[in-house]
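Only the coordinates and a few stated rules stand behind these numbers; no lab work does. This one's a predicted model, so the numbers in the text were calculated from it and none came from an experiment. Virtual Cβ from ideal backbone geometry, glycine too; neighbours counted across all protein chains shown.
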């Protein structure tokens with residue numbers, strides 16, 4: 001495998017895009033820290049499986065983002081690694097650039113960087129991705145403006161310590177059990193300095209003050225989805241934040257996954273409820289900085305096949321484009 005430095009030399013980020021990223025990183029920082037009252041909208045496909053479709057989607061997104069930029073900062077999801085509950089199935093373009101072919105990690109890393117750079121260059125939007133494998137950070141640290149740590153990774157010590165060395169906003173999801181204290185302990189770990197080994201090096205970090213929480217719903221002991229985006233949940237999280245030594249209390253609501261029970265159309269209602277609760281409570285307004293939405297060109301999802309529908313998810317179901325466009329304008333109106 002090439003080193004991160006070798007891959008970056010092969011596929012460098014253009015200077016203009018580097019400047020755009022620097023500016024957008026600061027804008028996201030200002031939202032997380034409360035200096036900017038705009039609302040974050042982290043939105044895009046469940047998994048970024050096809051470069052042409054993803055870039056077409058993000059270019060459409062960029063036109064709406066320009067219209068609502070005074071109220072909403074749009075961050076496209078370009079998720080190139082896909083966690084699998086059982087460990088089997090499509091694991092994202094970074095592992096498997098062609099879903100119908102065998103995994104190829106080298107081709108996957110190249111495809112991942114090419115797609116990110118193309119999307120950033122064409123749209124002038126800088127993306128979010130999930131940090132499923134901490135050792136991959138060096139391959140993407142010049143690309144991402146937002147990082148998410150998933151529900152199955154948030155309890156892992158290596159993920160927590162690695163985030164403490166990031167310099168971009170990083171959301172720590174609640175675990176699948178739904179335990180808020182686990183999520184907040186993860187934020188605490190990520191916000192504080194550490195000394196550990198990473199990718200063959202002994203490293204020290206200064207802590208990441210932009211680490212924050214993401215509420216994505218939970219799964220009960222009986223296997224049922226339970227929601228945690230309601231008013232009472234947000235007040236409870238606000239109160240728990242106040243009891244801990246954490247800076248920049250902030251939360252992003254994941255409108256899909258267990259919060260919607262993967263009923264993708266419910267994301268519209270959930271986002272509207274979140275906006276209503278922010279306008280009802282000053283504490284919630286200060287705490288909830290944004291939402292995550294799964295959306296693509298074509299609504300729903302499909303199995304992997306030789307005859308796939310262009311722009312439709314091959315993992316979790318997503319909102320289609322027209323619903324997405326209307327929802328983004330609604331968010332802007334209600335912020």
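Numbers below:
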read-out	value
Using a Förster distance of 35 Å, the FRET efficiency for residue 326-residue 202 (Cβ separation, nearest 0.05)	0.10
Residue with peak Gaussian network fluctuation, the chain [Cα springs, cutoff 10 Å], from 174, 256, 307	307
Choice from 282, 318, 41 showing the highest fluctuation, given a GNM over the chain with Cα pairs closer than 10 Å	282
Fraction of beta bridges assigned by DSSP in the chain that are antiparallel (%, nearest 5)	20 percent
Relative contact order of segment 90-239, defined on C-alpha pairs under 8 angstrom at six or more residues apart (%)	15 percent
Beta bridge orientation in segment 156-262: antiparallel %, DSSP, nearest 5	50 percent
For segment 74-95 versus segment 1-32, the gap between their alpha-carbon centres in whole angstrom	20 Å
